[in-house]
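**Student:** Before anything else, here's the structure in question.
The values are calculated or read from the model by the stated rules, or taken from the named source; none is laboratory data. What you see is a predicted model; the values in this text were computed from it and never measured. Here the Cβ is made from the backbone with ideal geometry for all residues, glycine too, and neighbour counts use every protein chain on show. What goes into the accessible areas is simple: the full protein's heavy atoms, side chains included, and nothing from ligands, DNA or RNA. Shrake-Rupley method; radii C 1.70, N 1.55, O 1.52, S 1.80 Å.
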Amino acid sequence: MNNITICAKYKGDATTERGFRTMLFEIPPTGGKKPVPVPISLVPSFAAQDTCAAGRYAEGTHIIINGRLYPHDDGKMYIVPTQPLESLKIPINLNQISIAGAVGYIREQTREDAFNFGMVVNAPPQKTIGHTWQDSLGFRIESWGNDAERMKKFLFVGRQISIGGVLRFESWKDRDGNLRSTYKVKIRSQQYSFFGKNQKDEEVINK
């Protein structure tokens, strides 16, 4: 499972290194101490029909997008529509992700009230961005409060989990003054489910 539904502002077009046209969007910022807009690069798809046609929208148009997410090595987050786009006269607050996969790693935790880990998710190939059936997608996940406590208790590398969350974007300067950025999925409260064997079951089987 890899689905996203958002309302985002159209910012114009761009071209990938492979020469394919993409549409640039920003999801309005929500939550956090210093929220920033979330930049998205949309890859026109057959499922979107002519709603991705060049020149169809004026810059600043707010659009509802349903699709799949593809984090990329180039630092961008791509979205491939699974339905036609829909323009709105008045923007709405809509930023919902649903993904399912396996825990790929668990980061060293620096806060008692937070739990951060990585997920590995499979998705159909996308020639435009060089994604094949052999490639997996990596997502950074963060949880807070009571949800973080449950993650600490039940998650381990390889554990299967499905989550609902919000896509976020963070940028900062490192010690050398270089601008860095990353995408994260913040889990919505209680929007997650563990499946498969738990760690105790795995330990019993492997003995």
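**Student:** Would you mind telling me the antiparallel percentage of the DSSP bridges in the stretch 12-110, rounded to 5?
**Tutor:** 90
**Student:** If you don't mind, another one. What is the magnitude of the charge dipole of the stretch 4-127 about its Cα centre, with +1 placed on the Cβ of each Lys and Arg, -1 on the Cβ of each Asp and Glu, and no other charges, expressed in debye to the nearest 20?
**Tutor:** Dipole size: approximately 140 debye.
**Student:** Follow-up question, since we're still on this one. Would you mind calculating the gained length between S193 and D113 on full extension (0.36 nm times residue separation, minus the Cα-Cα distance), in nm to one decimal?
**Tutor:** 26.8 nm
**Student:** If you roll a 1.4 Å probe over the heavy atoms of the protein chains, what accessible area per residue do you get for the chain, in Å²?
**Tutor:** Accessible surface, normalised per residue, equals 58 Å².
**Student:** Follow-up. Sort out for me the Cα centre separation of the stretch 104-164 from the stretch 41-64, rounded to whole Å.
**Tutor:** 29
**Student:** In the chain, what percent of the accessible surface is made up of carbon and sulfur (1.4 Å probe, ligands and nucleic acids excluded)?
**Tutor:** With neighbouring chains kept in place, the figure for the chain is 47 percent.
**Student:** Can you list the residues, at least 5 places off or on another chain, whose amide H is less than 5 Å from the amide H of V36, using H built in the peptide plane?
**Tutor:** Correct list: T30, F169.
**Student:** Continuing with the same structure: I'd like to compare 78-88, 148-158: which one has the highest average count of other Cβ atoms within 10 Å, and what's the full order after that?
**Tutor:** Per-residue mean Cβ counts within 10 Å order the peptides as 78-88, 148-158.
**Student:** Turning to a different aspect of this structure: Under the rule of -39500 (n - 2.57) per DSSP H run of 4 or more residues, summed and divided by the residues of the chain, what mean residue ellipticity at 222 nm is obtained, to the nearest 500 deg cm²/dmol?
**Tutor:** -2500 deg cm²/dmol
**Student:** Nothing charged except the Cβ atoms of Lys and Arg (+1) and of Asp and Glu (-1): what's the magnitude of the dipole of the stretch 42-185 about its Cα centre? Round to the nearest 20 debye.
**Tutor:** Result for the stretch 42-185 is approximately 140 debye, rounded to the nearest 20.
**Student:** With the alpha-carbon atoms as the only input, what is the per residue convex hull volume for the stretch 100-193 in Å³?
**Tutor:** 127
**Student:** Then there is this: Using only Cα atoms, find the angle between the long axis of helix 145-154 and the longest principal axis of the chain, and express it within 0 to 90 degrees, rounded to the nearest 10.
**Tutor:** Value to nearest ten degrees: 60.
**Student:** On to the next question. Does the chain classify as rounded, prolate or oblate by the C-alpha gyration tensor (a ≥ b ≥ c root eigenvalues; a/c under 1.5 gives rounded; else a/b over b/c gives prolate, otherwise oblate)?
**Tutor:** Note, shape of the chain comes out prolate.
**Student:** I'm checking a number: the convex hull volume of the Cα atoms of the stretch 1-124, normalised per residue, in Å³. What is it?
**Tutor:** Per residue, the Cα convex hull of the stretch 1-124 comes to 133 Å³.
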